[in-house]
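Asker: Quick one: this structure, given as C-alpha cells, is what I'll be asking you about.
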Amino acid sequence: MVTNNKSKIEMIADSALSAVRQYISKEPETVIGVQEVDGEWRVTVEVVERRAVPDTQDLLGRYEVRLSVEGELLGWSQRLIRKRCDRMVSAEEEWVVTG
C-alpha cells in the first residue's frame, strides 16, 4: 500500500502527526520514534504543551500514538512531560564519573 513514493514508515508517521493535530489538539514538534510491535505501529511524537520565555522552559509532552498496520488510529497516551532544557539520557548512555 505504498503510494506517492512514500515509504510505509513515512505514511505511518504522517498518520500519527495528523492524529496528534486532530485529536490531541497540539502542533507536533517532531517524531521521536516509529516501531512495529505486536501487529500495530507505535509512533512517539513530541509536542509543545506550553510555551515559555526563555524557550528552554517550554513544556514538551511525548505521546505514543498506536496505529493499525493499515494506518488507522487505535489510540494514544501521554508518556512524558518535560522542560525543553531537561537532558534526556538513556541508561546505556549515562557515564559514571568516579574519583
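Asker: As an exercise, use a Förster radius of 25 Å and the Cβ-Cβ distance of ASP55 and GLU10 to find the FRET efficiency, rounded to the nearest 0.05. If you can, show how the numbers build up before the last one.
Answerer: On the way: r = 28 Å, r/R0 = 1.13.
With a Förster radius of 25 Å, E is 0.35.
Asker: Continuing with the same structure: Would you work out which of VAL31, ALA16, VAL48 lies farthest towards the positive end of the dipole of region 8-83? Charges go on Cβ: Lys and Arg +1, Asp and Glu -1.
Answerer: Value: VAL48.
Asker: Using label points projected 7 Å from each Cα along Cα→Cβ, tell me how many nm separate GLU29 and GLU72, to one decimal.
Answerer: Inter-label distance under the simple model: 3.3 nm.
Asker: Another one. Rounded to the nearest 20 Debye, what is the dipole magnitude of region 8-83 about its Cα centre when Lys and Arg each give +1 and Asp and Glu each give -1 at the C-beta? Could the numbers behind the result be given before it?
Answerer: Working: 11 positive and 14 negative charges, 79 e Å.
Approximately 380 debye in magnitude.
Asker: For ARG82 and VAL37 in the same chain, what is the full-extension length gain: residue separation times 0.36 nm, less their Cα-Cα distance, in nm?
Answerer: On the way: separation 45, 0.36 × 45 = 16.20 nm, distance 2.55 nm.
Stretched fully, the ARG82-VAL37 segment lengthens by 13.6 nm.
Asker: Take each of the peptides 21-34, 63-76, average the number of other beta-carbon atoms within 10 Å over its residues, and list them starting from the highest. Provide the component values of the computation, followed by the final result.
Answerer: Numbers: 21-34: 13.8, 63-76: 16.4.
The peptides rank, most packed first, as 63-76, 21-34.
Asker: In percent, how large is the relative contact order of region 8-83, given Cα pairs closer than 8 Å and 6 or more residues apart? Mind showing how you got there, number by number?
Answerer: Values: 154 pairs, mean separation 19.0, N = 76.
Value for region 8-83: 25 percent.
Every read-out reported here was derived from the displayed coordinates using simple, explicitly stated rules and does not represent laboratory data. All of these numbers come straight from a predicted model, not from anything done at the bench. Glycine gets a Cβ as well: all are built from the backbone with ideal geometry, and neighbour counts include every protein chain shown.
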